[in-house]
Amino acid sequence: MAALVKRITVNDIRDMKQNGEKIAVLTAYDYPTAKIIDKCNIPIILVGDSLGMVVLGYENALPVTMDIMIHHCKAVVRGAEHALIVGDMPFMTYHISVEDAMRNAARFIQEAGVQAVKLEGGVTVADKIKRIVDCGIPVMAHIGMTPQSINQFGGHLVQGKKLETAQKLVDDAKAVEQAGAFSVVLECIPLRLAALITKNISIPTISIGAGPECDGQVLVTNDMLGLSDFTPKHAKQFAKLTDIMTKAVMDYQTEVKAGTFPTKENSFIIDSAVLEQVKNKLS
Ligand code: KIV
């Protein structure tokens, strides 16, 4: 009988902060990518609404719907048996009412099979986080440059550089901790502010553009594999898959045109007698 694979839990993630063990988080949107990431023992896979840009080609994440997220989460769940899988709640699926937020969070758990949800915001969504957590659904919070508010921010601008906005981020971090979030993503905030928040809350902080002193780091997998149209300052390309894929596609076309692919080795055989009979019927 195959050994049962233990899935990472929110308790394991909390323990990692306690033990000073850095938490590496990656996004995935499909089965093969989730499978590779899971095999590498990445403890958290985030099915981010960044898929709107990096997979679906939209300008931002705002057009992403619950149905799109559920579809991609299901594929990731089929590919990852070890990582804690977090589904990203799309724009306007948790803002209208607490009931709406709870219903949509439940869809992620019941329909998609993920173990946790993520939502953007601090003080203003703390009531929703609390009610979702009270239902037994773990929540990853997300503060700072929250991409669903891009029109309000006026672009992908670093948040928390001034006294008022820095204080707001501290208040947001405390609010989501109090509401019961098991971790919080800090996006595009100054590294010393991120370090201060990390020291002053009990839940793990996950950096994306918030520097090295957070408890963990998250990257959009397409950015770090060199598959995105553009690599943000806070990301690092660990491979250039666009170049590798482009070469493979060009080589394929060259071989098809030259008749060097496919060969007999890529083909199937038929019994000569059968072929003779087919031929005879043709003539
Ligand atoms: O949508 C996403 O991938 C995210 C991460 C960048 C944190 O929210």
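On a full-extension model of 0.36 nm per residue, what is the gain between Asp134 and Glu21, subtracting their alpha-carbon distance, rounded to one decimal in nm?
The Asp134-Glu21 span can extend by a further 37.9 nm.
Can you pick out the pairs among Lys168/Lys240; Lys22/Lys240; Lys35/Lys264; Lys74/Lys128 whose Cα atoms lie more than 29 Å from each other? Can you show the working numbers first?
On the way: Lys168/Lys240 38 Å; Lys22/Lys240 25 Å; Lys35/Lys264 32 Å; Lys74/Lys128 24 Å.
Flagged as over cut-off: Lys168/Lys240; Lys35/Lys264.
Between Asn266 and Leu157, what is the spin-label point distance in nm, taking each point 7 Å from the Cα along the Cα→C-beta axis?
5.3
Would you mind telling me the antiparallel percentage of the DSSP bridges in segment 10-239, rounded to 5?
If I count the DSSP bridges inside segment 10-239, around 5 percent turn out antiparallel.
Just check the chain against the gyration tensor rule for me: Cα atoms, a ≥ b ≥ c as the square roots of the eigenvalues, rounded for a/c under 1.5, and otherwise prolate or oblate depending on whether a/b exceeds b/c.
Prolate shape, in that a/c is at least 1.5 and a/b is the bigger ratio.
Once fully extended, how much extra length lies between Arg14 and Ser149, figured as 0.36 nm per residue of separation less the alpha-carbon to alpha-carbon distance? Mind showing how you got there, number by number?
Details: separation 135, 0.36 × 135 = 48.60 nm, distance 2.81 nm.
That works out to 45.8 nm of additional length.
So which chymotrypsin sites (Phe, Trp or Tyr not before Pro) in segment 38-96 are both in a DSSP loop and have at most 15 other Cβ atoms within 10 Å of their Cβ?
Those satisfying the criteria are Tyr58.
Return the FRET efficiency for the residue pair Val278, Val256: r is the Cβ-Cβ distance, R0 is 35 Å, and the value is rounded to the nearest 0.05. Walk me through the numbers on the way to the answer.
Numbers: r = 27 Å, r/R0 = 0.76.
The computed FRET efficiency comes out at 0.85.
Please work out whether segment 1-140 counts as rounded, prolate or oblate from its C-alpha gyration tensor, where a ≥ b ≥ c are the square roots of the eigenvalues and a/c under 1.5 means rounded, while otherwise a/b larger than b/c means prolate and anything else oblate? Display every interim value, and only then the final one.
Details: a/c = 1.66, a/b = 1.22, b/c = 1.35.
It comes out oblate by the Cα gyration axes.
Please work out how much length the chain gains when fully extended from Arg7 to Asp243, using 0.36 nm per residue of separation minus the C-alpha to C-alpha distance, in nm with one decimal.
81.5 nm
Where a number appears in this text, it was derived from the coordinates with a stated rule and is not lab data. Just so it is clear, the model here is predicted, and its values are computed rather than measured. Heads up, the Cβs are rebuilt from the backbone with ideal geometry, glycines too, and the neighbour counts pull from every protein chain shown.
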